[in-house]
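Report on one structure; see the data block that follows.
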Amino acid sequence: MNTTALDLKKIAADFRNRLEERRVIVCAGTACVANGALSLIDALVKSITSAGINARVDVHEEDKRDLLLSKSGCHGFCQMGPLVTIMPENILYTRVKAADAAEIVEKTLVKGEIIERLLFVDQVTAKPVKGSDEITFYNRQKRTVLKECGHIDPEDINEYIAHDGYEGARIACNDMKPVTVCEEVMASWLRGRGGGGFPTGRKWQLTLDQPGAKKYVICNADEGDPGAFMDRSVMEGNPHAVIEGMMIAARAIGADEGVVYCRAEYPMAVKRMRKAIADARELGILGKNIFDSGFNFDVNVMEGAGAFVCGEETALIASVEGKRGMPTPKPPFPAESGLFGKPTVINNVETLATVPLIIRNGAQWFRSQGTAKSPGTKTFALTGHVANTGLIEVPFGTTLREIIFNIGGGITDDRGKPMPDGFKAVQIGGPSGGCLIHEHLDLPLDFDSLLDKGAMVGSGGLVVMNNSTCMVAIARFFMQFTQNESCGKCVLCREGTRQMLSMLDDIMAGNADEKTLENLEKLARAVAKGSLCGLGKTAPSPVISTLRYFRAEYEAHIFQKKCPAGQCKALANPEIDPALCKGCTVCVKKCPVGAISGELKKAHKIDVEKCIKCGACAAACKFNAIVGV
């Protein structure tokens, strides 16, 4: 069966005609599922049935009812999940439990009442707000790639088509030649969202220009940065957008085969991608003679073993070919000799999901957002010491201040309480990126402006840190990650990252001297210059950027044997503040080595010679009398 343009319109019309106006959407992204979304769905089904509501609980059922209960992908507001949206009233309930299902059915679905305790409480007004359009976290974003995530059922191809899905692929197949597809994407100035920012259309044109009938398209879904979950959420929430982007890329370069390389740690993304591919094949959208255009293309999913280095193009290709995932020197580039020696285009998930929007709406529409050299929007995983964590999407050129203090809701302490003046730094771009500080809060974020500051957009991780964060420890965390993930092929990366990690350990343990700092900086620059692939070249970035902006903190560790943030236990100097100590003796009972002494209702003391700096006393003290731990 081949689906034509007329078929797409009929599928869309049929779906819209049988779509209920009243709809309950439960977020079934990874974070919400981990918090009990599936149990919540089961409880809602039981409560809806008990209430006698004429409902269907699956978009695949044909008969139209009074109510539709469906699931969606990630809404982005991960820390507030599980999330339940009720349409058409646009009511958003947060942190919903299975135990809340009966009340939602009885009060909201039957009586039309709003349950205030399940609404999100605005951080500014301290009042509950009804829907997502009233929440700053959402209304300060510009969601384009993520627009349908959290609204459509990711496992229903008909709903994707009803939202103009596969129209971009049809246009590319029926109305455009391969070269004009490349030209349109080049005119949009879409740059790769995987980290490098290379112009996507130029990459496609280079591959199209290569001779040979056999070419490949690879979707790089090997997202491995700590704290990053952008690609996972797109695949879970709108997998057909990724497939459509691959189809358009294949049309542009003349490929007939594609591979989605997804890390095995993303089982839900893998499952939904495979279902989406199977459904597209069944409709004839994938396969032979697509849209009666003579264009043939099919896609398969391969699960990677979780090696961070396989995010690098040549290492990924080696893994797909069944070899050990290790990078190879360039040239030749994959556009010239990629998978099995054939010309290959490799784009990441977000890049491919953007492409259908460009073909449908035009290059100028895309360039109307963002900046001149970095047009469009970018998804970010916002985590760390910030009130609203989750997945966001903003135009390039948006400032850190807007992201952290408006969308993110401001800085928090370790317990999640507001800390208005607590901003210290943000790590952007994951292990390959760098730190930005207070003076960069009003810097417009784009590919080029960040490079000047020793950072990079990367895949889109944003880790916000407050004043209690030790920047040496942050550098060590990322160095530990990259050292573990080094494939070991080149000496500078394999041994250089190991030695850098060792020096950071010495600094945090109080065993470093002036020479250590000098050697750390020289080695970092050598590793960045001489490593073979992008992982090695960017591995020292967190060290270089923290040395650039927080050198005084390194020097305090080395020369004063003190951690200014009080996080490095080896440098801790625990004391009991006599003005705060009530003499309750709780710390005495908690100390495992008997290092604390004192009489009841009198200030206690710590024997620093006995103290092992475990922190048990500070954790137990209700009066915050123990400092320096």
Under the rule of at least 5 residues apart or a separate chain, name every residue whose amide H is placed under 5 Å from the amide H of residue 346. 218
Checking a compactness column here: for region 468-539, what do you get for Rg(Cα) / (2.2 N^0.38 Å), N being the number of residues? 1.06
Relative contact order for region 572-627, counting Cα pairs under 8 Å that sit 6 or more residues apart, in percent: 45
P(r) of region 15-132 in 5 Å steps, Cα pairs, percent per bin? 2, 12, 23, 25, 21, 12, 4, 1, 0
Need the C-alpha centroid separation for region 243-267 versus region 560-595, integer Å. 56
Neighbourhood charge, 13 Å Cβ-Cβ cut-off, centred on residue 294 and excluding it, Lys, Arg +1 and Asp, Glu -1: +1
25 °C / 0.890 mPa s Stokes-Einstein diffusion coefficient of region 157-367, Kirkwood radius on C-alpha pairs, µm²/s: 146
For region 146-209, shape from the Cα gyration tensor axes a ≥ b ≥ c, cut at a/c of 1.5 then a/b versus b/c, turns out oblate
Distance between Cα centroids, region 523-544 to region 374-432: provide it in whole Å. 26
Once the convex hull of the C-alpha atoms of region 203-262 is built, how many Å³ does it hold per residue, rounded to a whole number? 83
Separation between the residue 122 and residue 51 pseudo-spin-labels, each 7 Å from Cα along Cα→Cβ, expressed in nm? 2.7
Pulled fully out, how much extra length does the chain show between residue 265 and residue 175, if you take 0.36 nm times their separation in residues and subtract their Cα-Cα distance? 28.5 nm
Once normalised by the length of the chain, the mean sequence separation of its alpha carbon contacts under 8 Å that are 6 or more apart gives a contact order in percent of 11
Which links in 453/522; 147/203; 424/562; 529/562 stretch past 21 Å when you go from one Cα to the other? 147/203; 529/562
Can you give the FRET efficiency for residue 62 and residue 333, using 1/(1 + (r/R0)^6), R0 = 51 Å, r = Cβ-Cβ distance, to the nearest 0.05? 0.55
Pop the C-beta distance of residue 369 and residue 597 into the FRET formula with R0 = 60 Å and round what comes out to the nearest 0.05. 0.40
If you line up the long axis of helix 514-530 against the longest principal axis of the chain, both from Cα atoms, how many degrees apart are they, to the nearest 10? 10
Each label point is 7 Å from the Cα along the Cα-to-Cβ direction; what then is the distance between the points at residue 623 and residue 577, in nm? 1.2
So between residue 514 and residue 608, what do we pick up on full extension, going 0.36 nm a residue minus the alpha carbon distance? 31.2 nm
How large is the Kirkwood hydrodynamic radius of region 377-469, in angstrom, based on all distinct alpha carbon pairs? 12.8
Charges only on Cβ, +1 for Lys and Arg, -1 for Asp and Glu: so what's the dipole of region 528-599 about the Cα centre, in debye to the nearest 20? 340
In whole angstrom, note down how far apart the Cα centers of region 1-58 and region 84-156 are. 16
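Each reported figure results from applying straightforward, stated rules to the coordinates on display, with no laboratory input. Worth saying up front: this structure is predicted, and the values here are computed from it rather than measured. Every residue, glycine as well, gets a Cβ built from its backbone with ideal geometry; the counts of neighbours run over all protein chains shown.
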